[in-house]
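A.B. asks: I'd like to ask some things about the structure below.
The values are calculated or read from the model by the stated rules, or taken from the named source; none is laboratory data. What you see is a predicted model, and the numbers here were worked out from it, not measured in a lab. We place every Cβ from the backbone using ideal geometry, glycine too, and count neighbours over all the protein chains shown.
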Amino acid sequence: MAKPLSGPVTWQTIQAEALRRIRDREWKPGAQIPHEAQLAAEFGCARATVNRALRELAELGLLERRRKAGTRVPLNPVRRATFQIPIIRHDVEGRGASHSYQRLQQAIEPVPASIQGQLDLPPDCKFLHVTALHLADGAAFCHEDRWINPAVPGLESADFSKVSPNEWLVQNAAFSGGGIEFFATEADAAMSALFGCPQGAALFVMDRTTWAGPLAITAVRLTYAPGHRMTTAI
């Protein structure tokens with residue numbers, strides 16, 4: 001018989017117990033785990049609490065949930081990396097440098113076709129277009145080229161002359177999903193002048209989109225100075 005959970009029963013404690021059972025092979029790879037109703041009775045909680053706990057483990061690839069077939073521990077679990085959207089100011093300061101920021105341009109503009117495709121937008125829509133430069137100890141660190149949906153709550157009061165769109169959105173716009181693409185590109189004349197590097201120098205680029213349910217929040221291209229290295233955790 002399973003040991004009772006200590007303390008209040010929350011979805012987090014149930015999730016921790018489920019993870020322990022997976023890791024300790026109490027729930028073996030390929031085996032079906034107890035139904036949600038059984039687990040709710042075992043833990044003395046609502047079925048919705050169990051559902052919330054198991055749903056996140058399934059999103060991480062640690063459980064397989066199939067309609068009418070129950071929930072199983074996968075034989076070959078897929079490890080899914082998570083990516084936390086960083087605040088560029090924190091990134092700079094974490095490297096021991098002083099951060100500063102310059103807004104370069106801001107206007108409501110027609111969304112270009114490439115961004116329309118990323119965000120599934122109609123051809124005649126307009127977004128807020130902001131470009132900005134982040135500096136580390138006075139040297140160009142990251143160029144931010146961002147399109148923001150005017151429907152984002154609170155956007156009308158945001159002052160991007162003082163705070164970057166990156167930082168404002170992380171702190172004010174909740175998101176449910178999105179996409180990220182990393183690649184290298186060669187510095188053109190504009191980026192060469194911006195970063196003080198030769199034309200053709202390798203630059204690290206990140207394209208990212210974020211959504212809140214069906215609402216497209218933003219599409220951004222972040223271009224970093226030559227030699228940039230990004231680290232994260234899985």
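A.B. asks: Could you tell me whether any residue of region 151-164 is within 16 Å of residue 87 (Cβ to Cβ), surrounded by fewer than 20 Cβ atoms within 10 Å (Cβ to Cβ) and either among the small types (Gly, Ala, Ser) or not assigned by TED's automatic domain parsing to the domain that holds residue 95 (or both)?
C.D. replies: Among the residues of region 151-164, at least one is within 16 Å of residue 87 (Cβ to Cβ), surrounded by fewer than 20 Cβ atoms within 10 Å (Cβ to Cβ) and either among the small types (Gly, Ala, Ser) or not assigned by TED's automatic domain parsing to the domain that holds residue 95 (or both), which makes the answer yes.
A.B. asks: Looking at region 165-205, which of the residues that are at pLDDT 95 or above and assigned to a loop (DSSP other than H, G, I, E, B) is surrounded by the most Cβ atoms within 10 Å (Cβ to Cβ)?
C.D. replies: Among residues in region 165-205 that are at pLDDT 95 or above and assigned to a loop (DSSP other than H, G, I, E, B), the one surrounded by the most Cβ atoms within 10 Å (Cβ to Cβ) is 187.
A.B. asks: Moving on. Does residue 75 satisfy being under 30 Å from residue 27 (Cα atoms) and either exposed (fewer than 14 other Cβ atoms within 10 Å of the Cβ) or not assigned by TED's automatic domain parsing to the domain that holds residue 25 (or both)?
C.D. replies: Answer is yes for this residue.
A.B. asks: Then there's this: Identify all residues within region 22-31 that are without any contact (Cβ under 8 Å) to a residue 12 or more places away in the chain and part of a helix (DSSP H, G or I); write none if there are none.
C.D. replies: 23
A.B. asks: Sticking with this one: For region 206-234, which residues satisfy the criterion of being in contact with a strand residue (DSSP E or B) (Cβ under 9 Å, 6 or more places away or on another chain) and either surrounded by fewer than 16 Cβ atoms within 10 Å (Cβ to Cβ) or of a type in the set (Phe, Trp, Tyr) (or both)? Let's see the steps before the verdict.
C.D. replies: Just the residues of region 206-234 that are in contact with a strand residue (DSSP E or B) (Cβ under 9 Å, 6 or more places away or on another chain), to begin with: 206-213, 216-230.
Selection gives 211, 213, 224, 226, 227, 229, 230.
A.B. asks: Could you count how many residues in region 85-106 are surrounded by fewer than 12 Cβ atoms within 10 Å (Cβ to Cβ) and closer than 13 Å to residue 145 by Cβ?
C.D. replies: Count: 1.
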